[in-house]
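The values are calculated or read from the model by the stated rules, or taken from the named source; none is laboratory data. Predicted model only: the values in this text are computed from it and were never measured. Note that we place each Cβ from the backbone using ideal geometry, even for glycine, and neighbour counts take in every protein chain shown. In case anyone asks, the SASA skips ligands and DNA or RNA and just uses the protein heavy atoms, side chains included. Shrake-Rupley method; radii C 1.70, N 1.55, O 1.52, S 1.80 Å.
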Amino acid sequence: MLILIFVLGMDGEVRYVDLHGGSAAGANPHIEMLERSEAMCYKIAFVPSSPNTFMVTHQDGSLRLFDLRT
């Protein structure tokens, strides 16, 4: 079972943590930074019909679309 945690930062970083990445016990989770923006991250929204897709809004008014398959 895939368990991901998404982290948005005041520093503009968008990251996800795969709790099962690296070890069966989850002792060494895989952490990946997807983007770093100059503007603080505000919100995240998931696309119900596409579990690999989500959007993030930033302080500068931008909206970014991510697809974990790419």
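What about residue 55, is it loosely packed, with under 14 Cβ neighbours inside 10 Å, touching a strand residue (DSSP E or B) at 6+ places or on another chain (Cβ under 8 Å), at pLDDT 90 or above and not charged (D, E, K, R)? Outline the logic, then answer.
Details: loosely packed, with under 14 Cβ neighbours inside 10 Å: yes; touching a strand residue (DSSP E or B) at 6+ places or on another chain (Cβ under 8 Å): yes; at pLDDT 90 or above: yes; not charged (D, E, K, R): yes.
Yes.
If we keep just the residues of segment 25-52 that are small (Gly, Ala, Ser) and open to solvent by less than 80 Å² (accessible area, probe 1.4 Å), which is modelled with the highest pLDDT?
By that ranking, first place goes to 45.
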